[in-house]
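**Q** Below you will find the structure I want to go over with you.
Only the coordinates and a few stated rules stand behind these numbers; no lab work does. Quick caveat: nothing in here was measured; it's all calculated off a predicted structure. In this analysis, Cβ positions are derived from the backbone assuming ideal geometry, glycine residues included, and neighbour counts consider all displayed protein chains.
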Amino acid sequence: MIAIAKLRKTFDKLEILKGINLNIEEGQVVVIIGPSGSGKTTLLRCMNLLEYPSEGTLRIGTTQIDFHAGLKPKQMNVLALRRQTGMVFQANNLFPHMNALENVMEAQVTVQKKSKEAASIRALELLKMVGLEEKAATFPHQLSGGQQQRVGIARAMAPQPKLLLFDEPTSALDPELVGEVLKVIKKLATEGITMVIVTHEMKFASEVADRIIFLDNGQIVEEGTPDQVFKHPTQERTRLFLSHLH
Ligand code: ADP
């Protein structure tokens, strides 16, 4: 369902992603791990075109874009591709002047052109799914960091994207709030939602992932099931990275 081929990204003449090839089946959960600065966030941002790849091909569902240096992709294709992805960011990215319900309604009304009534019904269902139905009328600053992230997940899912992207969704949280967010993500995984997750939570990664991708220096160095990558890594760089975590 998702195909990334020969994807490269250059910032200021520095190549950050050096030819990424990655195919993801519908319903798969892919976790990206790797050292800081290896390009994990850049890869995610290229997948929903918050950054344009410099070279390569990106296909999500039926929308495919070929990138060539210096050439801007067609706006129509960019919008079509963005509509198929939802993103959950590191720290709270909610609209501060909207309550939880309105945050989850927003894209449905402005992008999908749904009626407010239909949007609010779906928003309430999604808030229920993340366990925050009773916080519908609460504003972001009155929510804990963990609750804000759960609203962020509901908001990302609202337009029914084909692919959900998570950029270190718990890294800005106090340790006691991490569990509730990971629990929600695990629940989505069991419901067959296709996800790509960047995280440093290795225990969570091994529990939730169908596939682990180890990214180092802008390249996929190793990939496989959690068991393969965590317990039987074949590459020295993977072993070194994992050994530093303990
Ligand atoms: P990771 O998520 O693995 O920590 P990032 O994708 O955030 O890595 O960053 C990879 C490299 O790309 C870093 O060296 C970072 O400084 C650089 N980088 C990321 N975004 C930009 C940008 N907008 N402009 C210039 N350099 C960037």
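**Q** Can you give the three extents of the C-alpha atoms in the chain along their principal axes, from longest to shortest, in whole Å?
**A** Computed over the chain, the largest-to-smallest principal extents equal 52, 45, 31 Å.
**Q** Also: Under a GNM of the chain (C-alpha, springs under 10 Å), which listed residue has the highest mean-square fluctuation: Lys40, Lys114, Lys203?
**A** Lys203
**Q** I would also like to ask the following. Taking neighbour counts of Cβ atoms within 10 Å as a proxy for exposure, in what order, fewest first, do His232, His200 appear?
**A** The order, fewest Cβ neighbours first, is His232, His200.
**Q** Once both axes come from the Cα atoms, what is the angle between helix 116-129 and the longest principal axis of the chain, in degrees from 0 to 90, rounded to 10?
**A** Helix 116-129 and the main axis of the chain meet at about 60 degrees.
**Q** Next question, about the same structure. Using a Förster distance of 45 Å, how high is the FRET efficiency between Ala118 and Glu15, based on the Cβ-Cβ distance and rounded to 0.05?
**A** It comes to 0.50.
**Q** Taking only Cα atoms and a 10 Å spring cutoff, compute GNM fluctuations for the chain and point out the largest among Met98, Met76, Met195.
**A** Met76
**Q** Amide H to amide H, which residues 5 or more places from Ile197 or on other chains are under 5 Å from it, using H placed in the peptide plane?
**A** Here the answer is Val30, Val31, Ile32, Phe166, since their amide H atoms fall under 5 Å of that of Ile197.
**Q** Here's something else I'd like to know. Of all beta bridges DSSP finds with both residues in the chain, what is the antiparallel percent, to the nearest 5?
**A** Percentage antiparallel, nearest 5: 60.
**Q** Any idea what the relative contact order of the chain is, in percent, if you count C-alpha pairs under 8 Å spaced at least 6 apart?
**A** Worked out over the chain, it gives 25 percent.
**Q** Just how far, in whole angstrom, is the range 102-134 from the range 18-82 if you go by their alpha carbon centroids?
**A** So the two Cα centres are separated by 27 Å.
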